[in-house]
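To start, the structure itself, in structure tokens.
What follows draws every value from the coordinates through simple rules; no lab data is involved. Note that this is a predicted model, so its numbers are computed, not measured. Here the Cβ positions follow ideal geometry from the backbone for every residue, glycine too, while neighbour counts run over all protein chains shown.
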Amino acid sequence: MSSEWRKEIFKQKSLWQVYRLSRQTIPRGRGNRVVFLTCLSLLAPLSAWIAWKGPRYFSLNETAEWVLLLADTGFVFSIGILGFLIAGFSIFASITKPELFIALAQIPYKDGKINRLQFVFFNFLNVFSVYLVLLAASLVVQLFFSQPSPVTLLGQYIMSKYPVLGFATNGIAFAGFALLFVDAFLRLKSFIWNLYQTVLVSIATEHEMSERDRTQE
């Protein structure tokens, strides 16, 4: 067979490039987009309401506590899921025969933008990227916006001068974290389905290899 597949599997040079290509090629259900857009349409007005009407019902510190609570939850949740995903990825990569990987790399997947090997591993790397973003966002909030942080002290000084800005910032952060959680859950759901598809692709390729070997005898 042609050796072009060897160049293809090394074409992506960073996780960002893999993520961009995986978004174009990994199947995503219409239901996921509907759920995400529905949550966005609900959270955007909520964020605006917190900025405009929030001071009548709660304090600025309370809105900051909401964001910190989401950050703490996001940190624990993303660490747990990433540990599970990395363990699964390592097991799958170590127990699969190299011959199967080579065969997967030589067969285009559906429309031909990627091969079957890329489909198998892009499924893992795509969901890795989402949980890494959630983990990074949670760490930034925990490290830079906790009570002893100089950033927090500076923020408190600015917010004391412009309280509406503080409510708007916390409202946007709250909505952003909520959307990150929604996206993470939806990607995890899609990952489980795509993992099932990955098993089917591997079985089909193994069968094709067996049939080819049988015809060559």
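Details
- For the chain, built as a Gaussian network whose Cα springs stay under 10 Å, the top-fluctuating residue of S129, S202, S160: S160
- For the range 4-72, the set of GluC sites (Glu not before Pro) satisfying both a DSSP loop assignment and a count of at most 14 other C-beta atoms within 10 Å is empty.
- Computed E for F185/K161 - FRET, C-beta separation, R0 45 angstrom, nearest 0.05: 0.75
- Förster radius 35 Å - calculated FRET efficiency between S41 and L100, Cβ distance, rounded to 0.05: 0.20
- Modelled spin-label separation between W193 and R23, with each label point placed 7 Å from Cα along the Cα-to-Cβ direction: 1.9 nm.
- Under 16 Å from the Cα of K7 - lysines, other chains or at least 8 residues apart: K113
- Distance histogram for the range 29-216 (every C-alpha pair counted, 5 angstrom bins, percent rounded to whole numbers): 1, 7, 13, 14, 14, 11, 9, 8, 6, 5, 5, 3, 2, 1, 1, 0
- Inter-probe distance in nm under a simple model that places probes 7 Å from Cα toward Cβ, at I107 and I91: 2.4 nm
- Distances between placed amide hydrogens fall under 5 Å for Y109 paired with I114, N115, R116, all partners being 5 or more residues away or on another chain.
- Rough spin-label spacing in nm, given labels placed 7 Å along Cα→Cβ, for R212 and F58: 5.9 nm
- Dividing the summed helix terms, -39500 (n - 2.57) for each DSSP H run of n ≥ 4, by the number of residues in the chain produces a 222 nm estimate of -29000 deg cm²/dmol to the nearest 500.
- From largest to smallest, the equivalent ellipsoid semi-axes obtained for the range 101-161 from the alpha-carbon gyration tensor read 47, 11, 6 Å.
- Relative contact order (%) - the chain, alpha-carbon pairs under 8 angstrom, separation at least six: 36 percent
- With respect to the chain, whose longest principal axis is taken over its alpha-carbon atoms, helix 116-144 is tilted by about 20°.
- Residues listed by number, the range 150-190, amide nitrogen under 20 Å from A136 label point at 7 Å toward C-beta: 173-188
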